[in-house]
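All remarks here apply to the structure that follows.
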Amino acid sequence: MIASAAHLAEEDTPAGNGSTMGRAGSSAMQSSVLALNRHYTPIHIFSAPRVFCLLCKGLAEVVHVDEDGKYLSLNFEEWRDHSQLKIELGMRDGTEDWIQAVNFQIEVPRVIRLLKYERVPRNSVKFNRRNIFLRDEHRCQYCGRRFSVQRLSLDHVMPRSRGGPDTWENVVCACLTCNVRKGGRTPVEAGMHLLSDPVKPKRSPLISRHLTLRKYAAWKAFISSVPDGAF
């Protein structure tokens with residue numbers, strides 16, 4: 001279901017990073033946008049290029065939260081005008097992401113609504129490598145140091161060779177050195193200690209990380225109403 005929404009965006013995205021938006025700074029193009037279904041339920045996170053493609057095609061609208069906490073629904077042209085007015089009035093505060101088009105600048109929205117998409121997310125946090133790294137904050141759960149993704153691996157607390165399952169409660173982030181040192185032993189047998197007991201996160205670790213940033217504050221009003229584990 002979410003996959004079909006993502007596929008819709010990918011299908012409509014022109015080849016490469018260029019589009020009607022023109023070339024843009026990599027940080028703005030990589031910023032995240034919360035996507036809601038037609039009924040304002042959070043369903044996915046899109047990148048800026050996908051979002052502008054959906055807006056230009058009339059398949060989505062921007063949901064903007066103003067200073068008074070009111071929601072404004074804006075189509076692409078209205079959002080472009082809103083961005084230009086913000087520039088003219090000197091209202092940019094440094095927390096926004098902006099894309100430079102050929103003749104204008106436009107702000108990357110934080111929230112959009114898919115106008116024809118009604119399905120809801122599955123009631124589960126996806127178990128995968130990226131989410132485990134995010135859950136553990138890219139910190140080795142044995143030595144406590146943070147590493148880049150290239151220097152991290154996944155470790156089974158109870159080794160797979162001894163029946164250890166692929167579950168949230170048995171898999172942790174470990175640096176390559178600690179993983180080799182532990183080998184096919186349990187932490188106790190290897191004389192090593194876990195920083196904390198691994199558990200299944202209540203919501204997507206990516207969502208949780210974004211919610212700590214001021215630039216994504218607008219997400220809170222929509223995600224707070226979603227039950228734990230549903231997104």
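Per-residue answers, yes or no, for (1) more than 18 Å from ILE223 (Cβ to Cβ); (2) of a type outside the set (A, V, I, L, M):
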{"residue": "ARG38", "(1), (2)": "no, yes"}
{"residue": "PRO49", "(1), (2)": "yes, yes"}
{"residue": "LYS86", "(1), (2)": "yes, yes"}
{"residue": "ASP93", "(1), (2)": "yes, yes"}
{"residue": "ALA101", "(1), (2)": "yes, no"}
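Quick check on VAL102: is it touching a helix residue (DSSP H, G or I) at 6+ places or on another chain (Cβ under 9 Å), assigned by TED's automatic domain parsing to the domain that holds VAL51 and either farther than 30 Å from VAL172 by Cβ or among the aliphatic types (A, V, I, L, M) (or both)? For VAL102, the condition - touching a helix residue (DSSP H, G or I) at 6+ places or on another chain (Cβ under 9 Å), assigned by TED's automatic domain parsing to the domain that holds VAL51 and either farther than 30 Å from VAL172 by Cβ or among the aliphatic types (A, V, I, L, M) (or both) - is not met. The set of residues from region 10-37 being crowded, with 17+ Cβ neighbours inside 10 Å, among the hydrophobic types (A, V, I, L, M, F, W, C) and either over 23 Å from LEU72 (Cβ atoms) or at pLDDT below 90 (or both) comprises MET21, ALA24, ALA28, MET29. Does TYR71 satisfy being surrounded by 11 or more Cβ atoms within 10 Å (Cβ to Cβ) and over 27 Å from PRO42 (Cβ atoms)? No, not satisfied.
If the condition is being basic (Lys, Arg) and either under 23 Å from PRO201 (Cα atoms) or part of a helix (DSSP H, G or I) (or both), then region 151-186 contributes ARG151, ARG160, ARG162, ARG181, LYS182. Under the condition of being polar (S, T, N, Q), modelled with pLDDT under 95 and assigned to a loop (DSSP other than H, G, I, E, B), the residues counted in region 38-77 number 1.
Put simply, of ARG130, ARG160, ARG146, ARG80 the only residue that is basic (Lys, Arg), in contact (Cβ under 8 Å) with a residue 24 or more places away in the chain and under 30 Å from THR177 (Cα atoms) is ARG130. Of all residues in region 86-122, those satisfying the criterion of being within 22 Å of ARG203 (Cβ to Cβ), not in a loop (DSSP other than H, G, I, E, B) and not β-branched (Val, Ile, Thr) are ARG113, LEU114. For the residues LYS116, LYS126, the requirement of being surrounded by fewer than 21 Cβ atoms within 10 Å (Cβ to Cβ) and over 17 Å from the mean Cα position of the chain (by Cα) singles out LYS116.
Scanning region 134-177 for residues that are among the hydroxyl-bearing types (Ser, Thr, Tyr) and either modelled with pLDDT under 95 or farther than 11 Å from PRO198 by Cβ (or both) yields TYR142, SER148, SER153, SER161, THR177.
The values are calculated or read from the model by the stated rules, or taken from the named source; none is laboratory data. Fair warning: this is a prediction, and the values are worked out from it, not measured in the lab. Every residue, glycine as well, gets a Cβ built from its backbone with ideal geometry; the counts of neighbours run over all protein chains shown.
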